[in-house]
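A short worksheet on the structure shown next.
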Amino acid sequence: MGMSFKRDALKSAARFILEHADRLEKIQAPDLLDELMKIHRVGSWTARATVADYTNELATYPYGDAAIRFYAREALPYHEWPKKEVAFIQELHKVAGVENISSSIATLIMVHEIKRV
């Protein structure tokens, strides 16, 4: 999955975090999401991915991301995963359980990495 089209927005978000680190360290992830979305070209996907990386908390990761959809299909190829993002997220919540979503995403990523070796 290519990320080059997100490069400028991710750089802007990273620059924002570095410039405002002292203030941002004191706010919670939902408020950090709002702050990041104030940055030009930073929308929900970029803000969520950035907060997940910054806080090491997968709960904010955009679960409908194309890579996650690919990993889910790779890990459970016989499961009928919806093609549309919103429906996929709902199905992922059903399969993984809302309370287990972060660990489920981590597992999908690990399964993908293991298959690559």
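In the stretch 36-92, which residues are among the basic types (Lys, Arg), touching a helix residue (DSSP H, G or I) at 6+ places or on another chain (Cβ under 9 Å) and not in a loop (DSSP other than H, G, I, E, B)? Matches in the stretch 36-92: Arg48, Arg69. Being of a type outside the set (Ser, Thr, Tyr), at pLDDT below 80, under 21 Å from Ala87 (Cβ atoms) and surrounded by fewer than 18 Cβ atoms within 10 Å (Cβ to Cβ) is a property that holds for Ala59.
The values are calculated or read from the model by the stated rules, or taken from the named source; none is laboratory data. Just so you know, these numbers come straight off a predicted model, no measurement behind them. So basically every Cβ, Gly included, is an ideal-geometry build from the backbone, and we count neighbours across all protein chains shown.
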